[in-house]
1. Could you give every pair whose Cβ atoms fall below 7 Å, whose first residue belongs to the range 280-295 and is within 15 Å of residue 267 (Cβ to Cβ) and in contact (Cβ under 8 Å) with a residue 60 or more places away in the chain, and whose second residue is of a type outside the set (Lys, Arg) and assigned to a loop (DSSP other than H, G, I, E, B), counting only separations of at least 6 or pairs across chains?
2. Applying the selection to the range 348-376, what residues are modelled with pLDDT of 80 or more, more than 19 Å from the chain's Cα centre (by Cα) and not in a loop (DSSP other than H, G, I, E, B)?
3. In the range 319-347, which residues are touching a residue at least 60 places away in the same chain (Cβ under 8 Å) and either at positive phi or not in a helix (DSSP H, G or I) (or both)?
4. Would you check if residue 36 is modelled with pLDDT of 80 or more and under 14 Å from residue 220 (Cα atoms)?
5. Might you check whether a residue that is modelled with pLDDT under 85, over 17 Å from residue 88 (Cβ atoms) and surrounded by fewer than 22 Cβ atoms within 10 Å (Cβ to Cβ) occurs anywhere in the range 391-409?
6. Looking at the range 169-194 only, could you name the residues that are of a type in the set (Gly, Ala, Ser) and surrounded by fewer than 15 Cβ atoms within 10 Å (Cβ to Cβ)?
7. Regarding residue 199, is this residue in contact (Cβ under 8 Å) with a residue 12 or more places away in the chain, out of contact with any Lys or Arg (no Cβ under 8 Å at 6 or more places or on another chain) and surrounded by fewer than 22 Cβ atoms within 10 Å (Cβ to Cβ)?
Amino acid sequence: MSRLSLSTRVLLALTAGLVFGLLLSRTTATTVERAVAVVEPFGTLFVNAIRMTVIPLVVSLVIVGIAGADAAHIARLGGRAFLITIGFLCLSGLVGALVGPLVLSHLVIDPSAVSVLRARAMSAFGAAAAADATRRAPNLAQWITELIPANPVRSAADGAMLPLIIFAVIFGLALLSVAPENRDSVVRFFRGVAEAMLRVVRWVLVLAPLGVFALTLPLVARLGMVAIGALASYVILIAVATTLFVLLIVYPAAVILGRVPLERFARAVFPAQAVAFSSRTSLAALPALIEGAQRPLGMTAEAAGFLLPLASALFRVGAAIGLTVGAVFIGRLYATDLTRTQVATVAITAVLTSFSIPGIPGGSIVAMVPVLASVGLPIDGIGVLLGVDTIPDAFRTTANVTGQMAAAVIAVRPRI
């Protein structure tokens with residue numbers, strides 16, 4: 001086992017978690033909860049260990065990337081990466097707008113099954129889940145004003161990555177105007193922090209197979225075959241659409257535009273994909289992304305430390321597909337077939353809203369509110385999606401981190 005690569009060990013652990021989780025789901029509820037109570041804490045510890053490194057790693061890498069490198073080169077990388085992400089997002093929104101109505105137009109939903117699922121969703125997540133999602137829905141003015149953190153320490157404690165990254169960018173730019181002897185000492189300090197955190201990440205990733213297994217088994221044991229039922233079409237459509245988008249668009253773009261061999265790119269991104277799929281949070285996958293970009297791909301610490309945190313905070317290629325398809329599905333659920341103009345409105349809103357999605361499990365559900373509101377669909381439809389969102393969320397998050405790695409690879413193509 002020790003001779004197997006990390007990607008292979010993680011894949012074996014993911015497969016084992018799926019298999020044993022399905023077997024466990026066939027037992028009694030008491031047996032499931034007892035087994036989950038034993039295994040689940042190890043998954044939580046693994047995610048916490050990863051998240052422990054994120055804030056110091058991201059802040060230090062961004063500062064070093066700006067103040068300790070060629071500022072003009074970093075600016076060019078940022079501009080190039082932004083254009084690439086916009087292109088990916090527009091394509092993903094287009095895929096959702098084309099595939100969603102095409103497939104879901106043939107969907108016949110049993111109203112009684114929907115009522116049962118809605119009741120189950122509300123009992124599982126609380127009657128105030130949809131109201132809470134509405135209250136937390138991204139507001140453009142609020143989102144803009146919160147980009148500059150009034151208290152960076154508070155942002156770090158809350159896990160608000162984008163304001164924290166903006167603070168780190170401003171701090172790094174300010175260092176460029178500081179006297180070289182003073183700037184160099186600060187850069188050396190943060191470079192030391194970054195190297196120490198990367199060392200911690202490598203230690204944590206050694207335990208990735210155990211962590212992925214401990215995250216996957218409880219998830220599958222509790223869900224069982226829940227995707228097979230009234231909403232199977234929605235769940236399967238999200239899974240298939242995001243997977244095909246990654247395989248047919250993201251991977252070829254990384255290989256052709258990034259000039260990286262397919263096997264090399266796949267090996268670099270797979271550990272992050274496994275963490276993203278099992279934890280359903282792109283934030284937890286960020287250290288694995290940075291590690292994969294630097295080791296198998298040979299990306300510089302400055303480029304990886306600047307581009308990937310920004311991509312992780314802003315770029316959600318899977319969410320653009322998921323939000324669009326989810327809105328079309330809600331329309332079908334409430335017997336409201338969206339017109340082409342409405343579908344286009346949904347896709348555009350989904351692309352714009354995707355920038356404000358938090359990198360946490362189920363973050364897309366919060367962003368669903370303005371997408372539904374853009375075409376007058378009922379907000380309480382979120383209650384139905386909550387009941388089956390775990391599986392689509394896993395696929396969306398996996399697509400997100402894959403797109404983030406591909407965008408960074410394409411942006412730094414001349415230097416790899």
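The values are calculated or read from the model by the stated rules, or taken from the named source; none is laboratory data. The structure presented is a predicted model; accordingly, all values stated were derived computationally and were not measured. Because the Cβ atoms are built from the backbone with ideal geometry, glycine has one as well, and the counts that use them run over all protein chains shown.
1. Cβ pairs passing all conditions: 293/299.
2. Of everything in the range 348-376, those that are modelled with pLDDT of 80 or more, more than 19 Å from the chain's Cα centre (by Cα) and not in a loop (DSSP other than H, G, I, E, B) turn out to be 348, 372.
3. Passing the criteria: 337, 338.
4. Yes, satisfied.
5. Checked against the condition, which is being modelled with pLDDT under 85, over 17 Å from residue 88 (Cβ atoms) and surrounded by fewer than 22 Cβ atoms within 10 Å (Cβ to Cβ), the range 391-409 yields at least one hit.
6. Within the range 169-194, the subset of a type in the set (Gly, Ala, Ser) is 172, 174, 177, 179, 185, 192, 194.
Selection gives 174, 177, 179, 185, 192.
7. Working: in contact (Cβ under 8 Å) with a residue 12 or more places away in the chain: no; out of contact with any Lys or Arg (no Cβ under 8 Å at 6 or more places or on another chain): yes; surrounded by fewer than 22 Cβ atoms within 10 Å (Cβ to Cβ): yes.
So residue 199 fails the test.
Residue by residue, here is whether (1) more than 20 Å from the chain's Cα centre (by Cα); (2) under 17 Å from residue 55 (Cβ atoms); (3) modelled with pLDDT of 90 or more holds:
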| residue | (1), (2), (3) |
| --- | --- |
| 255 | yes, no, yes |
| 259 | yes, no, yes |
| 268 | no, no, yes |
| 273 | no, no, yes |
| 284 | no, yes, no |
| 287 | no, yes, no |
| 291 | no, yes, no |
| 296 | yes, no, no |
